[in-house]
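Notes follow the structure.
The values are calculated or read from the model by the stated rules, or taken from the named source; none is laboratory data. Quick caveat: nothing in here was measured; it's all calculated off a predicted structure. Reconstructed Cβ throughout: ideal geometry from the backbone, glycine too, with neighbour counts over all protein chains shown.
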Amino acid sequence: MRETETAAERINCTANTMAGILEKFQSLGKGNGVRALKDMSHGLTVIRAVPYVYTVCRKKSACDYCLHRKEKLLRCSQCKVARYCNAHCQREAWQSHKRECKCLRSTLPNVPTDSVRLVGKIIFKMLQNPDATSEELYTISDLQSHIKEASEEVQDGLRHLATALQLYLKEEIQDISQLPPGFQAIEYFGKVTCNSFTISDGEMQDVGVGLYPSMSLLNHSCDPNCVIVFEGTCLLLRTVKEIPKGEELTISYIDVKMPTQGRRDQLQRQYSFTCDCHRCLIRDKDEDMLAGDADTSREVERSVSRLEELLSQNKAEEALNLCKTLMNRYYLPDKNIHQLKVLDCAMDACINLGLWEEALQFGLQTLEPYSLYYSNYHPVRAVQLMKVGKLQNYQGLFTEATKTLMQAFDIMKVTHGRDHNQTQQLAELLNDCEANMRGM
């Protein structure tokens, strides 16, 4: 079968794209699901979906409109919170931003959480066009909140968010009569918790959060037949396995690079179900993920959150020193997931500090574990290979870089598609690398 779609098969990022391709059905033991109405080869873009609403992650340096990451962004002159690439992005965003702008101004110097901003945008959109529906199989009102199945702790958290929303909206919504008919804040925070998608950039870095209602019909598997990647705010559902007519389409809701019990706990906590996929039943790769001494593994695990915090604060040198301390003090095999996280943090810290040789050495150590945990076609593995290939190319290791980048390209043309910006950047890098190799 063919590996990737033709131009004629590619579906535009518009509404009403599911007719004749997918259908909603009752999936055994899972409630609603989506299944294929025709045979699909791997490497196809099944759906390109625009968000019902979305917001930038507040701790990320990204444009509120296009979600492009930049160090220097223009702040909204009124609320001082929203930031944009340029005047064009600001103008394009104004129609959806103008009501939240007043709300943001009223809360300064405090900035609301991402979920509060997102639910606020839902309210403003429902008020602006209450009869609008851009989703063919599922609408915003169809989304499930799973509040009844949630723990008391989770429900208490949702109540706190509802209170925060009331304070946030006070400049625009003074009383309940101004809300959309039947709107219940706790219910919608539950919907956001269970149904929002983290929007990532080409390097798989989180930049935003969005709601794509029909995509919420997709059920979870720890070994899915589809993946989701993004182009700006546009969601692409891509097949990574051959899917025969009638088979259910699945994605992974979480990072699968964690042991079975960890995956199950996270899925239960956030989505209120226990995964019983084949991988969970056979506890696939659990032994590899926690390889080495158990006490040592727990010690390293306790330091990972500190490492991530240091990197988020741009304290790369301090993060690198902690990584080296952990690696010198404790021995764990590279395939141990906590050791692997330390290697990832060490590589990122070195890149930030311009220590290219050290960054490459740490990156090379991650490739075998990545191939173990992100087997077959996975966008995370493709991006990791691309990062290592860039480092090899930068240091003049053109033969090695070409091999690494080709591996990345073979994966990315399936997970992202040949026309995706990230794949095109990879192809250009590969061409440059091959030209440098010929010139040696």
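Values as computed for the structure displayed
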quantity	calculated
Boolean, E358 is within 27 Å of R298 (Cα to Cα), free of Cβ contacts under 8 Å to residues at least 60 places away in the same chain, of a type outside the set (A, V, I, L, M, F, W, C) and in contact with a Leu (Cβ under 9 Å, 6 or more places away or on another chain)	yes
Residue in the stretch 109-118 that is in a helix (DSSP H, G or I), β-branched (V, I, T) and surrounded by 18 or more Cβ atoms within 10 Å (Cβ to Cβ) present	yes
Segments classed as helices (runs of 4 or more DSSP H), wholly inside the stretch 216-305, with at least 2 members that are within 23 Å of the chain's Cα centre (by Cα)	260-271, 278-282
Given (1) exposed (fewer than 15 other Cβ atoms within 10 Å of the Cβ); (2) closer than 30 Å to L28 by Cβ; (3) touching a helix residue (DSSP H, G or I) at 6+ places or on another chain (Cβ under 9 Å); (4) of a type outside the set (S, T, Y), number of the condition R298 does not satisfy	(2)
Residue, nearest to Q313 (Cα to Cα), within the stretch 60-80, restricted to residues that are surrounded by fewer than 17 Cβ atoms within 10 Å (Cβ to Cβ) and out of contact with any Asp or Glu (no Cβ under 9 Å at 6 or more places or on another chain)	E71
Residues of the stretch 81-95 classified as outside any loop (DSSP other than H, G, I, E, B) and either under 23 Å from the mean Cα position of the chain (by Cα) or not polar (S, T, N, Q) (or both), total	9
Number of the exception - K413 against (1) over 30 Å from S221 (Cβ atoms); (2) of a type in the set (K, R); (3) within 23 Å of the chain's Cα centre (by Cα)	(1)
Residue among K390, K341 that alone is surrounded by fewer than 22 Cβ atoms within 10 Å (Cβ to Cβ) and basic (K, R)	K341
Condition met for Q174 (more than 30 Å from I47 (Cα to Cα), touching a Leu at 6+ places or on another chain (Cβ under 9 Å) and not assigned by TED's automatic domain parsing to the domain that holds Q270)	no
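Conditions tested, residue by residue: (1) assigned by TED's automatic domain parsing to the domain that holds R418; (2) out of contact with any Leu (no Cβ under 6 Å at 6 or more places or on another chain); (3) at pLDDT 95 or above.
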residue	(1), (2), (3)
D201	no, yes, no
D206	no, yes, no
H220	no, yes, yes
C226	no, no, yes
L237	no, yes, yes
V240	no, yes, yes
